[in-house]
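I have placed the structure first, in the form of structure tokens, so that the comments after it can refer back to it.
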Amino acid sequence: MVSMNITNTTKGELMRKLLAGLVTVMMMLVMNAVVAPAAPIIWIGNGHGYELVSGNDWYIAEASAISNGGHLVTINDAAEQVWLSQNFSQPNLWIGFNDIAQEGNWVWTSGEAASYTNWMVGEPNNANSGEDVAVMNWGGNQWNDLPVSGWTSQGIAEYASAPTPEPATMLLLGTGLAALAGARKLKKQQFAIMI
Ligand SMILES: [Ca+2]
Ligand SMILES: [Ca+2]
Ligand SMILES: [Ca+2]
């Protein structure tokens, strides 16, 4: 029997490692809950991270996205649009599409080519005194051009680089079964992958 080959010393060593791993993971979970903001969710279609950013002004939302290493979302194709609508259901979310520089010439703040649009019928209409920035989830899941402020208070940021597991998390993988289970739980919390 296998158990006969395990000495009291190795059992003790195993227990010590499991306990040490468990304590470390619990400390990390507590620290994570205290210091870490909600992490971006990742679309497996391109590996990019996405999250809501605040801003009742489009420029503030874009600045927030830039400060976190990205831009307001660039919706490159229908697949990305579908995923976004499924995972961000709030109405009227700022996106990076704008015609600020030249009326009628819509560009993305990321600099990516404008290869796809999803305007609601009749939009963009540059209504009232001018509408130069866009939201998604307008009247469902389509786009509308709006003034830069006053209509919504949130946008979606897109980050080209997916978050990577922290080195401390990787080290825990070697500290026993408890550590392994804990690290998986932590990783799942931090990097929820949504299809
Ligand atoms: Ca994109
Ligand atoms: Ca316009
Ligand atoms: Ca409009």
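Got a sec? Which of GLY140, GLY104, GLY130, GLY150 is at pLDDT 55 or above, more than 16 Å from ligand 1 (Cβ to nearest atom), within 22 Å of the chain's Cα centre (by Cα) and among the small types (Gly, Ala, Ser)? Show your work before the answer.
Numbers: GLY104 fails: within 22 Å of the chain's Cα centre (by Cα); GLY130 fails: within 22 Å of the chain's Cα centre (by Cα); GLY150 fails: within 22 Å of the chain's Cα centre (by Cα).
Residue meeting the stated conditions: GLY140.
If the requirement is being assigned by TED's automatic domain parsing to the domain that holds PRO147 and away from ligand 2 (no atom under 16 Å from the Cβ), which of these qualifies: GLY70, GLY122?
GLY70
Step by step: first the residues of segment 108-127, then only those that are more than 14 Å from ligand 1 (Cβ to nearest atom) and among the small types (Gly, Ala, Ser), then the one that is surrounded by the most Cβ atoms within 10 Å (Cβ to Cβ). Which residue is that?
Looking at the filtered set, the residue picked out is ALA127.
The values are calculated or read from the model by the stated rules, or taken from the named source; none is laboratory data. Remember, predicted model here, so these are calculated numbers, not experimental data. Glycine gets a Cβ as well: all are built from the backbone with ideal geometry, and neighbour counts include every protein chain shown.
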